[in-house]
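Let me begin by presenting the structure, written as structure tokens, before commenting on it.
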Amino acid sequence: ISRYSGIISQLVTYLGHDDAERLSDADIVRWHGDLMASGAVAHDTFIKAYRAAISTVYAYGMTAQGGKLVKSNPAAGLLLEGPAKKQSRPKSFYIEEAQAILRCSLAALTAENNYSEINRTAMRWVPWICAYTGARAGEVCQLRKQDFIEVDGVKCIALLPDAGTIKTGQFRHVPLHPHLLKQGLWQFAGKAKNGPLFFNGSLKSAQPWVQTVQILGEWVRAVAKVTDTRIGPNHAWRHWFKSKGRTAGIDNVYLDAICGHSLPTQGNNYGEFEPCALFREICKLPSIEIKTA
């Protein structure tokens, strides 16, 4: 509410009026262009925050609950072009970067620093889980003790909308790679207290795990020294997993199912990808051997 209110206030200032019925799609296009030209807002930020705020507020204003204050939504379906994206390196980590993060992860619980115990725990396990599952960092950071389950004899993590936010809104069971089991992840979850494993459950926030994701990103930059801003310090694991999966001979449809990506054909959406089949595929990934620095 606070974020959207600020954006709408900026829009009112830009327009010079607050008449919602007068706002047109051309006004939004012009505002987008001016903000881009001034460098005040990046294109992606405008799409994900500014256009989203306008569209959400107008969509509500069209409903009975919103008082039917407006007749149309000028942001609905509005296409806005941004600058052509340039890519000068892989979206995945280089092996040296992955090694640096995972090496620091192994030492996270005993390293001398000011991080809290819950954050140290996240640093110890979240990067490794991401490396072997391709899951989004937010999906992993919101895991709870009860999300470690055994399905048909296969030890899995259950990525559920119930736990927080799943981008697709669909649950999935992702088997744990043998190397994660060898490291003691299953035992760690089994001995943990009920509730969230990687964030403070007492935080008064709609998405308290987001704080852990942010701290992990800062830790990757500051401690693991992976400072290349062309890659995401957490999201690059999804690219890593898919890259390594293809190299290991895992078919793309299994990689999509494991990562929670949309499946390429309607036929793939029939039936289930059973954990035993996904475990068979995940086992094709070789264990990540950490080299000494």
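Per-residue answers, yes or no, for (1) modelled with pLDDT of 95 or more; (2) within 28 Å of the chain's Cα centre (by Cα); (3) among the aliphatic types (A, V, I, L, M):
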position: 7; (1), (2), (3): no, yes, yes
position: 23; (1), (2), (3): yes, no, yes
position: 27; (1), (2), (3): yes, no, no
position: 38; (1), (2), (3): no, no, no
position: 43; (1), (2), (3): no, yes, no
position: 46; (1), (2), (3): no, yes, no
position: 49; (1), (2), (3): no, yes, yes
position: 65; (1), (2), (3): no, no, no
position: 69; (1), (2), (3): no, no, yes
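Out of segment 152-179, which residues are open to solvent by less than 30 Å² (accessible area, probe 1.4 Å), farther than 12 Å from residue 133 by Cα and part of a strand (DSSP E or B)?
154
Go through (1) on the phi < 0 side of the Ramachandran plot; (2) at pLDDT 90 or above for residue 201 and report which single condition fails.
(2)
Restricted to segment 212-228, and to residues that are surrounded by 17 or more Cβ atoms within 10 Å (Cβ to Cβ) and within 18 Å of the chain's Cα centre (by Cα), which residue is farthest from residue 260 (Cα to Cα)? Working first, answer last.
If we filter segment 212-228 for residues that are surrounded by 17 or more Cβ atoms within 10 Å (Cβ to Cβ), which is where we start, we get 212-213, 215-216, 219-220, 223-224, 226.
Subsequent filtering for residues that are within 18 Å of the chain's Cα centre (by Cα) retains 212-213, 215-216, 219-220.
Values: 212: 21, 213: 19, 215: 24, 216: 22, 219: 26, 220: 24 Å.
The residue in question is 219.
Tally up the residues in segment 229-251 that are over 27 Å from residue 263 (Cα atoms) and either crowded, with 18+ Cβ neighbours inside 10 Å or at pLDDT 95 or above (or both), please. Walk me through how you get there before you give the answer.
Pass one, segment 229-251, residues over 27 Å from residue 263 (Cα atoms): 229-230.
Now drop any that are not either crowded, with 18+ Cβ neighbours inside 10 Å or at pLDDT 95 or above (or both), which leaves none.
The qualifying residues number 0.
Select from segment 252-289 the residues that are β-branched (Val, Ile, Thr), at pLDDT 95 or above and farther than 21 Å from residue 152 by Cβ and list them in ascending order.
288
Does segment 139-151 hold any residues that are within 15 Å of residue 200 (Cα to Cα) and either of a type in the set (Val, Ile, Thr) or in a strand (DSSP E or B) (or both), and which are they?
140, 144
Hey, could you check segment 15-43 for residues that are among the acidic types (Asp, Glu) and in a helix (DSSP H, G or I) and say which is farthest from residue 80 (Cα to Cα)?
Initially, segment 15-43 is screened for residues among the acidic types (Asp, Glu), giving 18-19, 21, 25, 27, 34.
So of that shortlist, the ones also in a helix (DSSP H, G or I) come out as 21, 25, 27, 34.
On the way: 21: 21, 25: 10, 27: 12, 34: 13 Å.
Result: 21.
Please go through segment 86-137 and pick out each residue that is assigned to a helix (DSSP H, G or I), open to solvent by 40 Å² or more (accessible area, probe 1.4 Å) and of a type in the set (Lys, Arg).
Correct list: 103 only.
Restricting the search to segment 5-25, which residues are open to solvent by 60 Å² or more (accessible area, probe 1.4 Å) and closer than 16 Å to residue 76 by Cβ?
Passing the criteria: 21, 25.
I'd like the residue in segment 44-74 that is touching a Gly at 6+ places or on another chain (Cβ under 8 Å), in a loop (DSSP other than H, G, I, E, B) and in contact (Cβ under 8 Å) with a residue 24 or more places away in the chain and, out of all such residues, is surrounded by the most Cβ atoms within 10 Å (Cβ to Cβ).
Residue satisfying both the conditions and the ranking: 70.
Which of the residues that make up segment 202-225 are under 20 Å from residue 109 (Cβ atoms) and either assigned to a loop (DSSP other than H, G, I, E, B) or touching a Phe, Trp or Tyr at 6+ places or on another chain (Cβ under 6 Å) (or both)?
The answer is 209, 212, 223, 224, 225.
The values are calculated or read from the model by the stated rules, or taken from the named source; none is laboratory data. Model, not experiment: these values are computed from the prediction. Don't worry about glycine lacking a Cβ; one is built from the backbone with ideal geometry, like all the others, and counts go over all protein chains shown. Please note that ligands, DNA and RNA were not included when accessible areas were found on the heavy atoms of the full protein model with its side chains. Shrake-Rupley method; radii C 1.70, N 1.55, O 1.52, S 1.80 Å.
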